[in-house]
Ligand SMILES: Cc1cc2nc3c(=O)[nH]c(=O)nc-3n(C[C@H](O)[C@H](O)[C@H](O)COP(=O)(O)OP(=O)(O)OC[C@H]3O[C@@H](n4cnc5c(N)ncnc54)[C@H](O)[C@@H]3O)c2cc1C
């Protein structure tokens, strides 16, 4: 029996499992001939892009609901080492460490928020990188502060004004207002969005930035650019120039880095820690290994590298799953090409902004763009939840969808 091992059950890993199962089904190969196993550190497929939302109740799907109908085995464990020469992966389970053998692997272990060694960051700041982290933030905001009212009691400081930071900040005035509803004398909520860069939303074009500016102003969010945070504590942050920002809630959203497992491969990594894959999702310079999602860098249209996004992770996963089976069985693989790029940024109660293209052109904003965002977050990026084997296999087909619909 041959074994395909998929590391990670997020957007790319789950798509790879569906893609591999679909290809095996198409070729008439049974799971007694080729077994597909997915290793994930918990039992959930997390819709990570929704971690900034207030209601977290719908943002995890049990992996077994998708994997069982397509006969993919699930192992709940943390991958700690990969022995490329012996084709063995070391995993840490609740019962201790053990090893899994493989013929091919798909690395789909995602990314994590950048955590520099700023004093107090690890202990005192919140983030929305994982479901557990987002739940901790929710608990913290929802609990009326036990301590006497201080300057920062209903103030939140969001550090990192990229896309995630903007989405987090735009939700916070409402969340703080709700949290203060039971307080006899709540201070008005105050949200500060800060970045060391000279502007908010650096990766967006000028047009989108002006929409973002309008939304932030309407929501009463203060912005601070060009600031350097030197320490974080329970009451706020100290800046490099010695000034203080008093805030009981500090959320860190400054940058992402590929999963540290990428360091186990004897290849160059890009500035985000990603390893290069070819158009078939095969890791360049390493035998028997495919990679997809945030751990992988691929040129998708002859010019642009993939962006760490579920937009790219999902098709990369489907093609990696298809091609890892092809590689194992000597069948011609399929090249992935994606000829479009969009962003759809949630701007809280104000709406959203939807852009098309690598030079972002605003195609919709306000509540029209919000409709697109809700469709993406609540429908488009979910795996089938019907339990239907046929539907799940079809969702694993190596295809690239059209961009999300734009509304007027
Ligand atoms: C708040 C937020 C908002 C975002 N908004 C957007 C957006 O609007 N649009 C967009 O396209 N992208 C967005 N992103 C980025 C997007 O979530 C990621 O690019 C995407 O999740 C990458 O998919 P992935 O499969 O590579 O990794 P992930 O989805 O992170 O999945 C990785 C999986 O691997 C598992 N894992 C990790 N390490 C190990 C290990 N050692 N052993 C076993 N299992 C392991 C994890 O538990 C996880 O299940 C957002 C991200 C965040 C945090």
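Considering only segment 310-323, state which residues are closer than 17 Å to residue 27 by Cβ and either in contact with a helix residue (DSSP H, G or I) (Cβ under 6 Å, 6 or more places away or on another chain) or not assigned by TED's automatic domain parsing to the domain that holds residue 283 (or both).
First, the residues of segment 310-323 that are closer than 17 Å to residue 27 by Cβ: 318-323.
Within segment 310-323, 318, 320, 321, 322 qualify.
Only one of 313, 237 is within 12 Å of the ligand (Cβ to nearest atom), on the phi < 0 side of the Ramachandran plot, modelled with pLDDT of 95 or more and buried (at least 24 other Cβ atoms within 10 Å of the Cβ). Can you tell me which? Before the answer, list the steps.
Details: 237 fails: within 12 Å of the ligand (Cβ to nearest atom).
Selected residue: 313, the only one of 313, 237 that is within 12 Å of the ligand (Cβ to nearest atom), on the phi < 0 side of the Ramachandran plot, modelled with pLDDT of 95 or more and buried (at least 24 other Cβ atoms within 10 Å of the Cβ).
Mind listing whichever residues of segment 291-310 are in a strand (DSSP E or B) and within 13 Å of the ligand (Cβ to nearest atom)?
291, 296, 297
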Conditions (1) out of contact with any helix residue (DSSP H, G or I) (no Cβ under 7 Å at 6 or more places or on another chain); (2) within 14 Å of the ligand (Cβ to nearest atom); number of the one not met by residue 273:
(1)
Number of the exception - residue 152 against (1) within 16 Å of the ligand (Cβ to nearest atom); (2) more than 21 Å from the chain's Cα centre (by Cα); (3) surrounded by 22 or more Cβ atoms within 10 Å (Cβ to Cβ):
(1)
Counted residues in segment 343-376 being surrounded by fewer than 19 Cβ atoms within 10 Å (Cβ to Cβ) and either in a loop (DSSP other than H, G, I, E, B) or in the same structural domain as residue 209 (by TED's automatic domain parsing) (or both) come to 3
For residue 241: the one exception among (1) assigned to a loop (DSSP other than H, G, I, E, B); (2) under 21 Å from the mean Cα position of the chain (by Cα):
(2)
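Out of curiosity, is residue 265 touching a helix residue (DSSP H, G or I) at 6+ places or on another chain (Cβ under 6 Å) and in contact (Cβ under 8 Å) with a residue 60 or more places away in the chain?
Considered against the rule, which asks whether it is touching a helix residue (DSSP H, G or I) at 6+ places or on another chain (Cβ under 6 Å) and in contact (Cβ under 8 Å) with a residue 60 or more places away in the chain, residue 265 comes out as no.
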Can you pull out every residue in segment 78-93 that is part of a loop (DSSP other than H, G, I, E, B), at negative phi and surrounded by 13 or more Cβ atoms within 10 Å (Cβ to Cβ)?
84
Verdict on residue 100 being within 14 Å of the ligand (Cβ to nearest atom), crowded, with 17+ Cβ neighbours inside 10 Å, in contact (Cβ under 8 Å) with a residue 12 or more places away in the chain and not in a helix (DSSP H, G or I):
yes
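Going by what's in this entry, would residue 286 be described as touching a residue at least 60 places away in the same chain (Cβ under 8 Å), more than 16 Å from the ligand (Cβ to nearest atom) and under 18 Å from residue 274 (Cβ atoms)?
Against the criterion (touching a residue at least 60 places away in the same chain (Cβ under 8 Å), more than 16 Å from the ligand (Cβ to nearest atom) and under 18 Å from residue 274 (Cβ atoms)), residue 286 qualifies.
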Check whether at least one residue in segment 41-62 is farther than 20 Å from residue 130 by Cα and crowded, with 19+ Cβ neighbours inside 10 Å, and report yes or no.
no
Matching option when the condition is under 30 Å from residue 378 (Cα atoms), modelled with pLDDT of 95 or more and more than 11 Å from the ligand (Cβ to nearest atom), among 106, 79, 66
66
All positions within segment 250-279 that are at pLDDT below 95 and crowded, with 20+ Cβ neighbours inside 10 Å:
254
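Residue 320: assigned to a strand (DSSP E or B) and surrounded by 21 or more Cβ atoms within 10 Å (Cβ to Cβ), yes or no?
Values: assigned to a strand (DSSP E or B): no; surrounded by 21 or more Cβ atoms within 10 Å (Cβ to Cβ): yes.
No, not satisfied.
Looking only at strands (runs of 3 or more DSSP E) that lie completely in segment 1-46, which have at least 3 residues being more than 7 Å from the ligand (Cβ to nearest atom) and in contact (Cβ under 8 Å) with a residue 12 or more places away in the chain? Reasoning before the result, please.
Values: elements: 2-7, 34-40, 44-46.
Of the strands (runs of 3 or more DSSP E) lying wholly inside segment 1-46, those with at least 3 residues that are more than 7 Å from the ligand (Cβ to nearest atom) and in contact (Cβ under 8 Å) with a residue 12 or more places away in the chain span 2-7, 34-40.
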Can you tell me which residue is farthest from residue 296 (Cα to Cα) among those in segment 114-129 that are surrounded by fewer than 18 Cβ atoms within 10 Å (Cβ to Cβ) and within 14 Å of the ligand (Cβ to nearest atom)?
115
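The values are calculated or read from the model by the stated rules, or taken from the named source; none is laboratory data. All of these numbers come straight from a predicted model, not from anything done at the bench. Because the Cβ atoms are built from the backbone with ideal geometry, glycine has one as well, and the counts that use them run over all protein chains shown.
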